[in-house]
Amino acid sequence: MEILKNYSLKNHNTFGIDAKADFYVSIRNNEEIEELINTSLFQNDKFFILGGGSNVLFTGNFKGLIIDINIRGIKILETNDDKITIEVGAGEHWDDLVTICLNNKFFGLENLALIPGKVGAAPVQNIGAYAVEQKDFFYSLTGYNIEKKQFETLNYDDCKFNYRDSVFKHELKNNFIITQVRYKLNKNENINLSYKELSQEISKFNIEKPDAKLIYDTVRRLRTHKLPDYRLLGNAGSFFKNPIISKGKFDKLKEIFTELQGYTLANNKVKVSAGWLIEQCGWKGRQIGKAGVSEKHALIIVNHGNAKGHDILNLSEQIKQSIIDKYDIELENEVLIIE
Ligand SMILES: Cc1cc2nc3c(=O)[nH]c(=O)nc-3n(C[C@H](O)[C@H](O)[C@H](O)COP(=O)(O)OP(=O)(O)OC[C@H]3O[C@@H](n4cnc5c(N)ncnc54)[C@H](O)[C@@H]3O)c2cc1C
């Protein structure tokens, strides 16, 4: 384990922000975590646990220690005729996992193809796309509880998954280093076409029984078409969450803004499309300095080249304010802002 000093994070965040960390360490196995925890550096400095950096915005240099989780490995734990349980190192790339599963006929994750980042971050954010969330196949995970100074295994209920949310953003925030994640996948293809855009796209093929490979390919094609490539135009996917408002408020707004789009939830709440709100406020494709809103997708803030973290943050705040002014809706960041 080598601790590096004054380390550039430019290649460790998909915004491509050239922030420097005072200290940086790459962790390759569980033993290195225990070794690190006992160093005075860890005990005295602030730290941040980093995956692929695809859901974070560094607003400046990081005055502390970046812990980059690179624990690899995928193994089968249990299998029967219907299900297979696998254990995956937190440092594996999520999209590689999806591809490996499909190639081995372990089904379920295909709707989540092409989401950037590492496996360890997937439960933190409870990643989701095309009507599937990682929680739908989650079995358990192991990680290091910093306060208790021990490895622990958490099951589904312990993780308190919700829309882009989990216990790791609350009670266990900055206190739990995820090292291995387990998923229970299907041995039989049981495809999920409940997302309208996906089912419409698949229906164009006129195939009576679409299979998981078709879902996987279609999701990749849709995403490639719809989202800017962060390797060419730095971004962290959706910058904001879709806001959830009361049905009463939604109905009132709908009287004024008849085209307002919403998805009714069970608890008398409505999830509103943040992208639509942002587009209606005229932000799509706009650029302020080196920061801008994607031309492809209004929910994505992009780095047009050498933007500073603060440029991106300032733009996000202006967007938020305009949504409050027009709709009285407060957007919540999906991207984590790191000071
Ligand atoms: C182009 C693009 C498209 C995207 N599309 C989607 C999408 O469709 N759906 C979606 O849900 N997200 C999407 N995202 C967001 C992002 O890909 C996910 O949030 C992803 O899970 C982040 O993974 P990461 O490894 O990059 O995490 P990071 O950005 O490095 O970290 C995210 C959070 O997880 C924590 N974390 C990371 N690893 C660990 C660990 N081992 N232990 C404990 N905590 C950890 C970090 O501290 C931080 O709080 C997209 C991003 C981009 C750039």
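Determine if region 97-114 includes at least one residue that is at positive phi, crowded, with 17+ Cβ neighbours inside 10 Å and within 16 Å of the chain's Cα centre (by Cα).
Kept after step one, since they are at positive phi, are these residues of region 97-114: 105, 108, 114.
Checking the rest, the ones that are also crowded, with 17+ Cβ neighbours inside 10 Å come to 108, 114.
Checking the rest, the ones that are also within 16 Å of the chain's Cα centre (by Cα) come to 114.
Yes, some residue in region 97-114 is at positive phi, crowded, with 17+ Cβ neighbours inside 10 Å and within 16 Å of the chain's Cα centre (by Cα).
Gly91 fails exactly one of the following numbered conditions: (1) in contact (Cβ under 8 Å) with a residue 40 or more places away in the chain; (2) more than 10 Å from the ligand (Cβ to nearest atom); (3) in contact with a helix residue (DSSP H, G or I) (Cβ under 7 Å, 6 or more places away or on another chain). What is the number of that condition?
(2)
Give the residues of region 34-65 that are among the hydrophobic types (A, V, I, L, M, F, W, C) and either more than 10 Å from the ligand (Cβ to nearest atom) or free of Cβ contacts under 8 Å to residues at least 12 places away in the same chain (or both), sorted by residue number.
Going through region 34-65, the residues among the hydrophobic types (A, V, I, L, M, F, W, C) turn out to be 36-37, 41-42, 47-50, 56-58, 62, 65.
Of everything in region 34-65, those that are among the hydrophobic types (A, V, I, L, M, F, W, C) and either more than 10 Å from the ligand (Cβ to nearest atom) or free of Cβ contacts under 8 Å to residues at least 12 places away in the same chain (or both) turn out to be Leu36, Ile37, Leu41, Phe42, Phe58, Phe62, Leu65.
Can you name every one of the strands (runs of 3 or more DSSP E) wholly within region 133-251 that holds 1 or more residues which are touching a Cys at 6+ places or on another chain (Cβ under 8 Å)? Spell out how you get there, then give the answer.
Values: elements: 138-145, 150-155, 176-186, 234-238, 244-246.
In region 133-251, 138-145, 176-186 are the strands (runs of 3 or more DSSP E) which contain 1 or more residues that are touching a Cys at 6+ places or on another chain (Cβ under 8 Å).
Would you mind finding the one in Glu295, Glu317, Glu279, Glu255 that is assigned to a loop (DSSP other than H, G, I, E, B) and not assigned by TED's automatic domain parsing to the domain that holds Lys20? It would help to see each step written out before you state the result.
Numbers: Glu317 fails: assigned to a loop (DSSP other than H, G, I, E, B); Glu279 fails: assigned to a loop (DSSP other than H, G, I, E, B); Glu255 fails: assigned to a loop (DSSP other than H, G, I, E, B).
The match here is Glu295.
Which residues, counting only those in region 136-165, are within 11 Å of the ligand (Cβ to nearest atom) and in contact with a Ser or Thr (Cβ under 8 Å, 6 or more places away or on another chain)?
Selection gives Leu141, Thr142, Gly143, Tyr144.
How many of the residues in region 66-116 are among the small types (Gly, Ala, Ser) and either under 24 Å from Ile37 (Cα atoms) or assigned to a helix (DSSP H, G or I) (or both)? It would help to see each step written out before you state the result.
Within region 66-116, the subset among the small types (Gly, Ala, Ser) is 73, 89-91, 108, 113.
Filter once more, so that each one left must be either under 24 Å from Ile37 (Cα atoms) or assigned to a helix (DSSP H, G or I) (or both): 73, 89-91.
Qualifying residue count, region 66-116: 4.
Could you please find all residues in region 117-126 being part of a loop (DSSP other than H, G, I, E, B) and under 13 Å from Cys159 (Cβ atoms)?
Of all residues in region 117-126, those part of a loop (DSSP other than H, G, I, E, B) come to 117, 126.
Listed by number, the list holds a single entry, Asn126.
The values are calculated or read from the model by the stated rules, or taken from the named source; none is laboratory data. All values reported here derive from a predicted model rather than from experimental measurement. For neighbour counting, all protein chains shown are included, and Cβ atoms are generated from backbone atoms with ideal geometry for every residue, glycine included.
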